[in-house]
């Protein structure tokens, strides 16, 4: 009888249930937390890059529009003329919004209080003289009026405002767009220069 009783007691033991212990759950949670913390900066950087890219695209398009508008004007139009006594016609605009305007209503304005971009538009005019052929090979070696003695990519001898219109042969239109915000991370603020020449 004794043997039978001990068998029934053994059969009554509750089997161990399968599952995770508290320690296993905590270790798994910690590993998941490390993975998420590693990926979080990537998502943040992607959001910042998307916002900066959108702004740069909008401002570049508007800068290109400014350049194209000036190029389409007639050669002696008031918008491309140089004020008397000056060598350049320069205007400065700022891309931003007014204090009371809703976000998304940005536009070019003369105020820089809430500006994110600065646009500098410059028009210069030049007169081209007859070509100089120093080695007498029949090909002009230089065009007086279009010298770049300091090799900075810009002509040095612009004509002042008030010059006789028939002495002006070429106008240079330059649009410079500069970021007014400190960039995220290392690096210089974004800058874009658009430049074209308009012939008479």
Query - Theoretical gain in end-to-end length, residue 78 to residue 114 [0.36 nm per residue, Cα-Cα removed] - result: 10.0 nm
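Can you figure out the FRET efficiency of residue 24 with residue 180, using R₀ = 45 Å and their beta-carbon distance, to the nearest 0.05?
On the way: r = 54 Å, r/R0 = 1.19.
About 0.25, to the nearest 0.05.
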Query raised in the report: What ranking of 171, 54, 198 emerges when the number of other C-beta atoms within 10 Å of each C-beta is taken as an exposure proxy, fewest first?
Result: 54, 198, 171
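Quick note: the coordinates plus some simple rules give every number you see, no bench work behind them. In this text the structure is predicted, and so the values were computed from the model without any measurement. Neighbour counts run over all protein chains shown; Cβ positions are idealised from the backbone, glycine included.
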